[in-house]
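I have placed the structure first, in the form of structure tokens, so that the comments after it can refer back to it.
The values are calculated or read from the model by the stated rules, or taken from the named source; none is laboratory data. Just so it is clear, the model here is predicted, and its values are computed rather than measured. When we count neighbours, we look across all protein chains shown, and the Cβ atoms used for this are built from the backbone with ideal geometry, even at glycine.
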Amino acid sequence: MTTESTYISNLEPYGETPVLSVRNISKRFGSQVVLDDVSFDVPEGKITFVLGPSGTGKSVLLKIIIGLLQPDAGRVLIDSYDIPSLSSHQLNEVRKDFGVLFQNGALFDSLNVLENVAFPLVEHAKMAKGDIADRVEKKLAQVGLSGVEKKYPSELSGGMRKRAALARAIVLDPRIIFYDEPTTGLDPLMVEQVDELIKSTNIAQQTTSLVISHDIPALMEIADYGAILFEGSMVAFGTPAELLENPDPFVQKFLRKGLGEHV
Amino acid sequence: MKVMHLKERKDLQFCALLRNTGYLSKRKITSMKLVSILREPVEQFGEYVIDATRRMGNYTLMVVQFLGWMWRPPYRWRLLLQQMEFVGVQSLSIIMLTTLFSGMIAALQGSYVAYLFNAQGMVGSAVALGTTREGAPVLCALMIVGRCGSAMAAELGTMRVTEQIDALESMAVNPIQYLVVPRVMATLIMLPILTVIGDIVAIFGSWIVMVRMQGVDSGIFFENIRWFIDPLDIYMGLIKALAFGFALSTIGCFQGFTTTGGAKGVGNATTRSVVVASVAILVMDYFLGQILHMLEMNVFEVL
């Protein structure tokens, strides 16, 4: 196990500043080891993909990073805070800097699109109703979803739900946006649109994006960096081009297979 | 035929091997066989006990969190009113219908016995006494379990499996405060009100049977009720309603909150919430009845 004092940041060769650091995270459910001593830094202002085959612990890692799950060991550092050791009050303060796009959007069924997107503003920003409506309209326009404010999530297509959820995730202008499998279950055209949306949002919002995915073509097209998880361990980190040159047989097989299917 | 567990089968094969080689006595072999056969049910029972203990612990933790969050701002009045409308106003017709007929059937059955003693005038007071102390709180609570406790489990369960509760947490909103507090508070407020309405409607039902159908004098009917019923009887019913309301809403929310496994999980959580809450209400009814009866005796002694 790498101790924290001996850990050399994965960002050191690139001269990037880390905004979020994952250190020696381990997690098991019963006898099943899901994450085993995972460490990496997420560079500020860039799009970083965490890739890996299904069931390799990507979503568990995301849940630990945003404080929804407690790790068995390890730390998640943002500024001077260690997320797993924060009280619920402190955690909520840190979470105001996060935007999370869940796999199926996780829009509230009982609220329409306007109310869903406005939810974080109503909860945390002391704004007048008119200002909230203006901000929501602006964010919906940013994700290309104007004119559906009064519709309920059940009346939207899968792609529209993802866009509405993204509008909700960015409405507080967060420092870091987390995407959990943003393109799973979408058709190829919609996948392309969502990928473009992640890229344009990263530029427009000037934020850091961490994308949990197994979409290799998206890694090649929009990611600045990629990290590859396999059987609960981080096996590679680098730019997409570097990952393609990585000698690890699993990385080669995983990336080539993903790209081959894409071609 | 029972399909033998792989481990159990291997154990028995091992026993046969030991017996054939004469390594162990017949008696020891028999005891080993017995252990092998009993192992699976004992393990299953142990797992059940551990799981039940874990669930009880988690339920207690949720209740403690509820008690902590219910005092803290922001107070979500709009959500509370929505839940009060759902638990109270929307349940009114079903509560009135069921308590009306339960009052009527209690009067009808009571009148057969009362006829033997020529005491039909007392039936109304007997129904009123039974209704205020037992009938209305239990019946209203069971109806609210079926109508609202199940809905709470299904709604929160769906929110859990579609990550809506995770989304709430990730947006720095405490799900206990946002989802559980309004539902439990609304049930605590509305169930006693529904119980009082149930009391009145059940007495009205017995009045229809005894006065309009069996010709008992209306004045005697009400005078006997006034003479028999004490405010303490109504308070006892209301205390029970409060306790039942707390149990059914926290059980419904807990089952929803701990749902796993998609649509099937939501179905299981809904069923479990109804079964567990119904059993809890009947068990609590006995113990509360006992405790309140003892307190009542003490009050009379003091007076």
* Asked: What number of residues within the range B:140-173 are assigned to a helix (DSSP H, G or I) and either under 15 Å from the mean Cα position of the chain (by Cα) or without any contact (Cβ under 8 Å) to a residue 40 or more places away in the chain (or both)?
  -> 20
* Structure fact -> Over the range A:231-263, the set of residues hydrophobic (A, V, I, L, M, F, W, C), in contact with a Gly (Cβ under 6 Å, 6 or more places away or on another chain) and at pLDDT below 90 is none
* Structure fact -> Given (1) in contact with a Leu (Cβ under 9 Å, 6 or more places away or on another chain); (2) surrounded by fewer than 17 Cβ atoms within 10 Å (Cβ to Cβ); (3) modelled with pLDDT under 95, B:Leu282 misses just (3)
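Which residues, taken from the range B:70-89, are within 26 Å of B:Ile203 (Cβ to Cβ), part of a helix (DSSP H, G or I) and in contact (Cβ under 8 Å) with a residue 24 or more places away in the chain?
Just the residues of the range B:70-89 that are within 26 Å of B:Ile203 (Cβ to Cβ), to begin with: B:84, B:87-89.
Okay, now just the ones that are also part of a helix (DSSP H, G or I), so B:84, B:87, B:89.
Answer for the range B:70-89, where residues must be within 26 Å of B:Ile203 (Cβ to Cβ), part of a helix (DSSP H, G or I) and in contact (Cβ under 8 Å) with a residue 24 or more places away in the chain: B:Met84, B:Val87.
Condition check: among the polar types (S, T, N, Q), within 14 Å of chain A (Cβ to nearest Cβ), in contact (Cβ under 8 Å) with a residue 60 or more places away in the chain and assigned to a helix (DSSP H, G or I). Does B:Thr132 satisfy that?
No.
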* Only residues in the range B:264-276 that are touching a residue at least 60 places away in the same chain (Cβ under 8 Å) and within 17 Å of B:Ala141 (Cβ to Cβ) count as the first member; pair them with residues that are among the hydrophobic types (A, V, I, L, M, F, W, C) and buried (at least 21 other Cβ atoms within 10 Å of the Cβ), Cβ under 7 angstrom, at least 6 apart or cross-chain, and list the lot. => B:Ser273/B:Ala153; B:Ser273/B:Ile251; B:Val274/B:Val145
* For B:Ser111, which of the numbered conditions (1) at pLDDT 95 or above; (2) over 26 Å from the mean Cα position of the chain (by Cα) fails to hold? -> (1)
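So which residues in the range A:38-84 are assigned to a loop (DSSP other than H, G, I, E, B) and aliphatic (A, V, I, L, M)? So that I can check it myself, show each step before the final result.
Quick first cut of the range A:38-84, residues assigned to a loop (DSSP other than H, G, I, E, B) only: A:44-46, A:52-57, A:66-72, A:79-80.
Of everything in the range A:38-84, those that are assigned to a loop (DSSP other than H, G, I, E, B) and aliphatic (A, V, I, L, M) turn out to be A:Ile66, A:Leu68, A:Leu69.
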* **Which listed residue is more than 14 Å from the chain's Cα centre (by Cα), under 20 Å from A:Val251 (Cα atoms) and either touching a residue at least 60 places away in the same chain (Cβ under 8 Å) or more than 14 Å from chain B (Cβ to nearest Cβ) (or both), from A:Ser26, A:Ser59, A:Ser54, A:Ser31** => A:Ser54
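On the given criteria, is B:Pro137 within 14 Å of chain A (Cβ to nearest Cβ) and in contact (Cβ under 8 Å) with a residue 24 or more places away in the chain? Don't jump to the end; show me each part of the working.
Details: within 14 Å of chain A (Cβ to nearest Cβ): no; in contact (Cβ under 8 Å) with a residue 24 or more places away in the chain: yes.
For B:Pro137, the condition - within 14 Å of chain A (Cβ to nearest Cβ) and in contact (Cβ under 8 Å) with a residue 24 or more places away in the chain - is not met.
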* Which of the residues spanning the range B:50-98 are closer than 14 Å to B:Ile189 by Cα, out of contact with any helix residue (DSSP H, G or I) (no Cβ under 6 Å at 6 or more places or on another chain) and of a type in the set (Val, Ile, Thr)? -> B:Val89
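Applying the selection to the range A:200-258, what residues are polar (S, T, N, Q) and closer than 30 Å to A:Gln142 by Cα? Steps first, please.
Going through the range A:200-258, the residues polar (S, T, N, Q) turn out to be A:200-202, A:205-209, A:213, A:233, A:239, A:246, A:252.
If the condition is that a residue be polar (S, T, N, Q) and closer than 30 Å to A:Gln142 by Cα, then A:Ser200, A:Thr201, A:Asn202, A:Gln205, A:Gln206, A:Thr207, A:Thr208, A:Ser209, A:Ser213, A:Thr239 are the ones that fit.
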* Any residue at all in the range B:188-197 that is closer than 30 Å to A:His89 by Cβ, in a helix (DSSP H, G or I) and touching a residue at least 12 places away in the same chain (Cβ under 8 Å)? -> yes
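What is the residue count in the range B:54-69 for residues that are polar (S, T, N, Q) and either surrounded by 15 or more Cβ atoms within 10 Å (Cβ to Cβ) or in contact (Cβ under 8 Å) with a residue 24 or more places away in the chain (or both)?
Of all residues in the range B:54-69, those polar (S, T, N, Q) come to B:58, B:60, B:65.
From what is left, the residues that are either surrounded by 15 or more Cβ atoms within 10 Å (Cβ to Cβ) or in contact (Cβ under 8 Å) with a residue 24 or more places away in the chain (or both) are B:58, B:65.
Of the residues in the range B:54-69, 2 are polar (S, T, N, Q) and either surrounded by 15 or more Cβ atoms within 10 Å (Cβ to Cβ) or in contact (Cβ under 8 Å) with a residue 24 or more places away in the chain (or both).
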* Among the listed residues B:Lys28, B:Lys10, B:Lys33, which satisfies the condition of being charged (D, E, K, R) and either in contact with a Leu (Cβ under 8 Å, 6 or more places away or on another chain) or outside any helix (DSSP H, G or I) (or both)? -> B:Lys33
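Output the residues belonging to the range B:208-253 that are among the acidic types (Asp, Glu), assigned to a helix (DSSP H, G or I) and surrounded by fewer than 17 Cβ atoms within 10 Å (Cβ to Cβ).
The first filter runs over the range B:208-253 and keeps only residues among the acidic types (Asp, Glu), leaving B:217, B:223, B:230, B:233.
Right, trim to assigned to a helix (DSSP H, G or I) and you get B:223, B:233.
Within the range B:208-253, B:Glu223 is the sole residue that qualifies.
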